[in-house]
Amino acid sequence: MKLTPALLLVCCRVWAGEPADQPLSVKAKLRLHAQQTASVGFVAEMAVYAGVLHCMNTPREWGQGAEVYGKRVASAAGATAIRNVFAFGLDATLHEDPRYRRSGHGNVFVRMGHAARETVVTRTDRGRTRFATWRFGSALGAAYLSNVWYPDRLNTFSSGLEQGAATIGLDLLGNLGSEFWPDVKHKIVRRR
């Protein structure tokens, strides 16, 4: 299975802040997605992700070498940027809130269920809950669009579907991190 840069971004990024209940303006949504696309952490994540792909020689048709590593970094950054553009377009147009809301209470399984639910549903700007169109649409859209620069064997319908599904899976991991990281961080800081 080929991992997309968007997958790594979601997997590595842990949003620890709990958002306010106030809806985000379109400008605030743009700022949120821009920060996820153009930050120091983003550059580091893309460099590490490209290094992993380079070590795995994925895609193998690209080969090895410094120039190819650069190609993998650009590919990773491009795919992630595409996802964030799609995500912004969808959440701004459909009035969906892309922020994760922590449960912060209950046992581990209840909180894991909450993180899974937050992966599939989202709040609207009016506070209602509905299917997270922004998440699924951006994951699938970016997977299919970013496949155009990959070798033909990876530029297929099934590969795009696989990448989109894997992106959602890593979104779930990101939500789990967002749910539990503040507690872990608190325990680490308290020990010092």
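The values are calculated or read from the model by the stated rules, or taken from the named source; none is laboratory data. Because the structure is predicted, anything quoted here is derived from the model rather than measured. Quick reminder, even Gly has a Cβ in these numbers, built from the backbone with ideal geometry, and neighbours come from all protein chains shown.
For (1) among the acidic types (Asp, Glu); (2) within 20 Å of LEU30 (Cα to Cα); (3) part of a helix (DSSP H, G or I); (4) in contact with a His (Cβ under 9 Å, 6 or more places away or on another chain), each residue gets a yes or a no:
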position: ARG72; (1), (2), (3), (4): no, no, yes, yes
position: THR80; (1), (2), (3), (4): no, yes, yes, no
position: GLU118; (1), (2), (3), (4): yes, no, yes, no
position: PHE136; (1), (2), (3), (4): no, yes, yes, no
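Which numbered condition in (1) within 15 Å of ALA79 (Cβ to Cβ); (2) surrounded by fewer than 20 Cβ atoms within 10 Å (Cβ to Cβ); (3) modelled with pLDDT under 90 is the only one that LEU145 fails? Result: LEU145 passes all but (3). A single member of THR122, THR167 is outside any helix (DSSP H, G or I), β-branched (Val, Ile, Thr) and closer than 27 Å to LEU94 by Cα, and it is THR122. From the list THR122, THR133, the one residue that fits, being in contact with a strand residue (DSSP E or B) (Cβ under 6 Å, 6 or more places away or on another chain) and at pLDDT 90 or above, is THR122. Whether any residue in region 90-109 is within 30 Å of TRP62 (Cα to Cα), touching a residue at least 24 places away in the same chain (Cβ under 8 Å) and charged (D, E, K, R) is what I want to check. Scanning region 90-109, I find no residue that is within 30 Å of TRP62 (Cα to Cα), touching a residue at least 24 places away in the same chain (Cβ under 8 Å) and charged (D, E, K, R), so the answer is no. Across region 110-134, the number of residues qualifying as exposed (fewer than 12 other Cβ atoms within 10 Å of the Cβ) and touching a residue at least 40 places away in the same chain (Cβ under 8 Å) comes to 2. Within region 90-100, does at least one residue satisfy the condition of being outside any helix (DSSP H, G or I), of a type in the set (A, V, I, L, M, F, W, C) and closer than 20 Å to LEU140 by Cα? So far as region 90-100 goes, yes, one or more of its residues are outside any helix (DSSP H, G or I), of a type in the set (A, V, I, L, M, F, W, C) and closer than 20 Å to LEU140 by Cα.
Here region 23-51 is the region considered, the condition is being without any contact (Cβ under 8 Å) to a residue 12 or more places away in the chain and more than 16 Å from ALA79 (Cα to Cα), and the residue that is surrounded by the fewest Cβ atoms within 10 Å (Cβ to Cβ) is VAL40.
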